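Asker: Sharing a structure here in structure tokens format.
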Amino acid sequence: MQTHQPLTESSSHRGEMENITLVTEFILMGLSDLPAVRFSLFAAFLLIYLVTLLGNSTILLAIGADSHLHNPMYFFLTNLSLLDICCPTATVPKMLENLLSERNTISFLGCVLQLYFLVALAGTEVFLLAAMAYDRYVAICNPLRYTVIMSKKLCLQMAAGTWVTGFLNSLLHTVMTFTLPYCKSNRVNQYYCDIPPVLALSCASTYAAEMVVLIVGGIFGVGAFLVTLVSYIHIISTILRIRSSEGKRKAFSTCASHLMVVCLFYGTTIFTYIRPSSSHHPDQDRLVSMLYGVITPMLNPLIYSLRNKEVKGALKRVIVNK
């Protein structure tokens, strides 16, 4: 739906712009328009969302209830579980509503808020995974000084830094995106509001906004990725120098879960955003983005709980005490 309200432009362009209308709401392109399939998708995504909430809430409960897990590694895992609750919450409830109502619309303000929180939470997760990689680097490569280096103060500063940086970064991109005029089609080629499909609808030049995404996002994203990569190069190098196979196994087990989460996160992100434009297809893009925004947050707690003896032990103790 679009209102017929003329854009305010300079007098030289006013005549040309009289018939252009402003967008007041967006239409989100759903995953399917077939009623039977829509209901099946609703049931599937509702189940995935509930499993995500349950899994991550269980991780938070286990860590909070067990004093043995009150250390830097599980402090960062607590932050990751919070992100994995919040990130799908930014998109899935609206998607479920649209699957039931068959309207597929979102207000302009709703789109702004959805994009802001989604980009903020995704950015925060990038920085948090880098902080977690550094924590594992210190634990394996400098174990004797681990408690000194990874002090409670440093952990709090690192966690706060990831959240603040993620949300400030998102504020910049959101302002750059929504200060542009939107007067073309209001059909967003995605099931949620994201920067590329929303920018594609602007009736003004998107060059500046795209450059901000490329430069600022590139600096932060590449920087966080390099911290993660260099940390794991040192970790793997240190593990390979351990002589006993038992020592290697124990050292690797302390970072295996995080390494799997990192590979899953960056694998789905790269496949979603850093593919050649020639390989993009609207329906395929929507399905691929589900890996990044819906499936990954569900798998993270399963990875940590199934591969981590300490978490499994804490969960058992919580269940037994109840």
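Asker: Full-extension gain between Leu171 and Leu96, please, as 0.36 nm times their residue separation minus the C-alpha to C-alpha distance. Walk me through the numbers before you get to the answer.
Answerer: Numbers: separation 75, 0.36 × 75 = 27.00 nm, distance 2.62 nm.
The span from Leu171 to Leu96 would gain 24.4 nm if fully extended.
Asker: Give me the number: length gained by fully extending Lys153 to Leu61, i.e. 0.36 nm times residue separation minus the C-alpha to C-alpha distance, one decimal in nm. Please list the in-between numbers first.
Answerer: Numbers: separation 92, 0.36 × 92 = 33.12 nm, distance 2.29 nm.
So the extension gain works out to 30.8 nm.
Asker: Ratio to report: Rg/Rh of the stretch 52-123, with Cα atoms as the point set and Rh obtained by the Kirkwood method; give two decimals. Spell out each step's value before the answer.
Answerer: On the way: Rg = 15.7 Å, Rh = 13.9 Å.
That ratio is 1.13, to two decimals.
Asker: Using protein chains only and a probe of 1.4 angstrom, how many square angstrom of Tyr182 are accessible, to the nearest 10?
Answerer: Rounded to the nearest 10, the figure is 10 Å².
Asker: Cross-link candidates for Lys250: which lysines have Cα within less than 18 Å, leaving aside residues fewer than 8 places away along the same chain?
Answerer: Qualifying lysines at Cα under 18 Å: Lys309, Lys312.
Asker: Residues with amide H under 5 Å of Thr105's amide H, sequence separation 5 or more or different chain, H placed in the peptide plane at 1.01 Å from N; which?
Answerer: Leu28
Asker: For the stretch 81-194, what are the per-bin percents of Cα-Cα distances with bins 10 Å wide, up to the bin holding the maximum?
Answerer: Each 10 Å bin holds this share of Cα pairs: 12, 34, 26, 15, 9, 3, 0.
Asker: For Leu22, enumerate residues with amide H under 5 Å from its amide H, sequence gap 5+ or separate chain, H modeled in the peptide plane.
Answerer: Thr3, Gln5
Asker: Quickly work out the Ala36-to-Ser237 label distance, labels modelled 7 Å from Cα along the C-beta direction, and quote it in nm with one decimal.
Answerer: 5.9 nm
Asker: Ranking request for peptides 294-302, 247-255: highest mean number of other beta-carbon atoms within 10 Å first, then the rest in descending order. Spell out each step's value before the answer.
Answerer: Details: 294-302: 21.1, 247-255: 15.6.
Ranked by mean Cβ neighbours within 10 Å, highest first: 294-302, 247-255.
Asker: Given a 1.4 Å probe, how much area per residue of the stretch 68-212 is accessible, in Å²? Write out the running numbers ahead of the final one.
Answerer: Numbers: 6000 Å² over 145 residues.
Dividing the accessible area of the stretch 68-212 by its residue count gives 41 Å².
Asker: For Leu54 and Arg249, FRET efficiency with R0 = 41 Å and r from the beta-carbon atoms, rounded to 0.05? Write down the numbers at each step before the final one.
Answerer: Numbers: r = 31 Å, r/R0 = 0.75.
For R0 = 41 Å, the calculated efficiency reads 0.85.
Asker: Between Lys316 and Leu214, what FRET efficiency comes out of the Förster formula 1/(1 + (r/R0)^6) with R0 = 35 Å and r the beta carbon distance, rounded to 0.05? Show your work: numbers first, answer last.
Answerer: On the way: r = 48 Å, r/R0 = 1.37.
Computed FRET efficiency for Leu214 and Lys316 comes out at 0.15.
Asker: Something else now. Debye calculation, C-alpha points only, no solvent: report log10 I(q)/I(0) for the stretch 147-238 at q = 0.11, 0.19, 0.25 Å⁻¹, in the same order as the q values.
Answerer: Those come out to -0.49, -0.96, -1.27, one per q.
Asker: If you roll a 1.4 angstrom probe over the protein chains with everything in place, what fraction of the accessible area of the stretch 27-102 belongs to carbon and sulfur, to the nearest %?
Answerer: Solvent-exposed carbon and sulfur of the stretch 27-102 make up 74 percent of the total.
Asker: What FRET efficiency would be calculated for the residue pair Ala44, Phe108, taking the C-beta separation as r and a Förster radius of 35 Å, to the nearest 0.05?
Answerer: For R0 = 35 Å, the calculated efficiency reads 0.75.
Asker: Output ³J(HN,Hα) for the stretch 249-260: one whole-Hz value per residue in order, computed from phi by the Karplus curve 6.51 cos²θ - 1.76 cosθ + 1.60 with θ = phi - 60°, and x for Gly and Pro.
Answerer: Here the 3J(HN,Hα) series is 5, 5, 5, 5, 5, 6, 10, 4, 5, 5, 5, 5 Hz.
Asker: If you don't mind, another one. For a protection proxy built on the mean count of beta-carbon atoms within 10 angstrom, sort 310-316, 77-83 highest first, please.
Answerer: On the way: 310-316: 17.1, 77-83: 22.0.
Highest-to-lowest ranking by the protection proxy: 77-83, 310-316.
The values are calculated or read from the model by the stated rules, or taken from the named source; none is laboratory data. Model, not experiment: these values are computed from the prediction. A quick note on method: Cβ atoms are made from the backbone with ideal geometry, for glycine too, and the neighbour counts reach across all protein chains shown. Accessible surface areas use protein heavy atoms only, side chains included; no ligands, DNA or RNA. Shrake-Rupley method; radii C 1.70, N 1.55, O 1.52, S 1.80 Å.
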